[in-house]
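S.K.: Handing you a structure now.
What follows draws every value from the coordinates through simple rules; no lab data is involved. On a predicted model such as this, the values are computed, not experimentally measured, just so you know. As a convention, Cβ positions derive from the backbone with ideal geometry for all residues, glycine included, and neighbour counts pool all protein chains shown.
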Amino acid sequence: MVELRFDGRVAVVTGAGGGLGKAYALLLASRGAKVVVNDLGGARDGVGKSNFADDVVKEIRDKGGVAVADYNSVVEGEKIIKTAIDNFGRIDILINNAGILRDKSFLKLSEQDWDLVHTVHLKGAYKTTHAAWDYFRKQKFGRIIMTASNSGIFGNFGQSNYSAAKLGLVGFTYALALEGAKYNIKVNTIVPTAASRLTEDILPPDMFQAMKPELIAPVVAYMVHDSFEDTAQVIDSTLGYATKTYFVRGVGSPLKKKPSDPVTIESVQQQWSKVVDMKDAKHLDKMAEVTFDLVERLQEFEDRAKLDGDKNVYWKNY
Ligand code: NAI
């Protein structure tokens, strides 16, 4: 098998002072990438500042790799990208990984807890990506990773702020993937589950031991390699396993019997079980498909009604 390398590529990994980001930075550097190891160095809730990115840079350099530390907050993402340009003259790969937690049940969640989590995860990813975007466009190459969470995709008790921000990054990925397509900018999302300070009091101890960030790093590294052609993928990975996650839409139901009938609260109630029935649900790739699929389904409903001998009637037993 040919070794996949990153020689000549410059990668920025945010929040790379520990946990998953550190594993990404070490792996990319070991394969030839020059790495900006960004980390504000705060506590788990985002408070404080320190230089623990230095330890990761030292580890990379000790192993013969090339790296530089950056202590800016992702909220000032343009400064992090500038570190890449100032030190290495370019930027090719951006891994938006920095994150904090401010878990609280919703009643106790303050506006500050909401804002700070959104600012670091969502706005931080916006800031770094926006600063890198024009470099990517001009050189017709860019690889971007967003970091979502199953807490965002499925929701998690006590994490309303985090869940909302993390799912926001999935929408961000899908939209940017479209805008980046003609410039060879691939935008994808990792949904990790790994042992780190964010999960040390959440995961059972035996699982915590097994869920090494190093098992996820190769998935992320593959998704930022030159050879990686996919975009808009949301990849869930843990324990040396990976799978794609995506939204599906059900077949649904018309909400009136005949085209000329009004939609009423009662007709919605009547059809509700069909509205939420996900049997035969399918994935739609693009906004255009969403509209096309709807037109196609409405036509199918009419055709089916006609076959049943009820001309122009969407469903029977209304
Ligand atoms: P971690 O706490 O070890 O890593 C996050 C890093 O981001 C920390 O080193 C922290 O100092 C840094 N950081 C925080 N705010 C920053 C800011 N404003 N600017 C720059 N750096 C900042 O935690 P972990 O688990 O490695 O998390 C990495 C990413 O993965 C996060 O986005 C997290 O939400 C996400 N994630 C992790 C999961 C897990 O199971 N560990 C599950 C789902 C998502």
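S.K.: Please give the helix 19-30 orientation as an angle from the longest Cα principal axis of the chain, in degrees from 0 to 90, rounded to the nearest 10.
M.R.: 60 degrees
S.K.: Using 12 Å as the cut-off for backbone N distance, which residues of the stretch 1-33 belong to the label zone defined by a point 7 Å from the Cα of Arg197 along Cα→Cβ?
M.R.: From the stretch 1-33, the list is 16-20.
S.K.: What chymotrypsin sites (Phe, Trp or Tyr not before Pro) does the stretch 204-302 have in DSSP loop regions with at most 14 other beta carbons within 10 Å? Before the final figure, lay out each step's value.
M.R.: Values: sites: Phe208, Tyr222, Phe228, Tyr241, Tyr246, Phe247, Trp272, Phe292, Phe301; in loops: Phe228, Tyr246, Phe247.
Answer by residue number: Tyr246, Phe247.
S.K.: Tell me the label-point distance for the pair Asp226, Asp55, using the 7 Å Cα-to-Cβ offset, in nm and rounded to one decimal.
M.R.: That separation, rounded to one decimal, is 3.5 nm.
S.K.: So for the chain, what are the equivalent ellipsoid semi-axes in whole Å, largest first, each being the square root of 5 times an eigenvalue of the Cα gyration tensor?
M.R.: Details: eigenvalues 372, 104, 61 Å².
Gyration-tensor ellipsoid for the chain: 43, 23, 17 Å.
S.K.: Would you pull out the residues with amide H under 5 Å of Ser196's amide H, same chain only if 5 or more places away, H placed 1.01 Å from N?
M.R.: Answer set, sorted by chain and number: none.
S.K.: When we measure straight from the Cα of Lys34, which lysines land under 18 angstrom away, once same-chain ones fewer than 8 places off are left out?
M.R.: Within the straight-line cut-off, Lys34 pairs with Lys22, Lys58, Lys63, Lys79, Lys82.
S.K.: On a 0 to 90 degree scale, rounded to 10, what angle separates helix 77-88 from the longest Cα axis of the chain?
M.R.: Helix 77-88 sits at roughly 50 degrees to that axis.
S.K.: I've got another one for you. Just tell me which aspartates and glutamates come within less than 17 Å, Cα to Cα, of Lys286; anything on the same chain fewer than 8 places away is out.
M.R.: Glu179, Asp230, Glu296
S.K.: Which residues make up the longest stretch of the chain clear of GluC sites (Glu not before Pro) that lie in a DSSP loop with no more than 13 other Cβ atoms within 10 Å, not counting the sites?
M.R.: Values: sites that count: Glu3, Glu200, Glu229.
Longest run free of exposed loop sites: 4-199.
S.K.: Further question: Mind putting a number on the dipole of the chain about its Cα centre? Charges go on the C-beta only, +1 for Lys and Arg and -1 for Asp and Glu, and I need it in Debye to the nearest 20.
M.R.: Details: 41 positive and 40 negative charges, 84 e Å.
Roughly 400 debye for the chain.
S.K.: If you find the alpha carbon centre of the stretch 8-52 and of the stretch 127-169, how far apart are they in angstrom?
M.R.: Result: 16 Å between the Cα centres.
S.K.: Next up: Excluding residues fewer than 8 places away in the same chain, name every one of the aspartates and glutamates whose C-alpha is closer than 14 Å to that of Lys279.
M.R.: none
S.K.: Here's another thing I want to ask about it. Going by alpha carbons, how many degrees (0 to 90, nearest 10) lie between the helix axis of 53-62 and the longest principal axis of the chain?
M.R.: 70 degrees
S.K.: What do you get for chymotrypsin sites (Phe, Trp or Tyr not before Pro) in the stretch 152-189 restricted to DSSP loop and a cutoff of at most 13 other Cβ within 10 Å of the site's Cβ? It would help to have the intermediate numbers written out before the result.
M.R.: Numbers: sites: Phe154, Phe157, Tyr162, Phe172, Tyr174, Tyr183; in loops: Phe157.
Answer in residue order: Phe157.
S.K.: To the nearest Å, what is the center-to-center distance of the stretch 58-122 and the stretch 222-281, using C-alpha atoms only?
M.R.: Distance between centres, Cα-based: 32 Å.
S.K.: For the stretch 221-233, in order, what is each residue's ³J(HN,Hα) by Karplus, 6.51 cos²θ - 1.76 cosθ + 1.60 with θ = phi - 60°, in whole Hz (x at glycine and Pro)?
M.R.: Result, rounded to whole Hz: 4, 4, 6, 10, 6, 3, 6, 7, 9, 6, 9, 6, 8.
S.K.: Something else: Where does the charge balance sit around Phe136 when Lys and Arg score +1, Asp and Glu -1, over other residues with C-beta under 9 Å from its C-beta? Present the calculation step by step, with values, prior to reporting the outcome.
M.R.: Values: positive: Arg137, Lys138, Lys140, Arg143; negative: Asp92, Asp134.
Net local charge, Phe136 excluded: +2.
S.K.: Mind listing which trypsin sites (Lys or Arg not before Pro) in the stretch 76-150 are in a DSSP loop and have 10 or fewer other Cβ atoms within 10 Å?
M.R.: Lys140
S.K.: Let me ask something additional. Along Cα→Cβ, 7 Å out, is where each label goes; now give me the distance between the ones at Lys63 and Arg90 in nm to one decimal.
M.R.: Roughly 2.3 nm, to one decimal.
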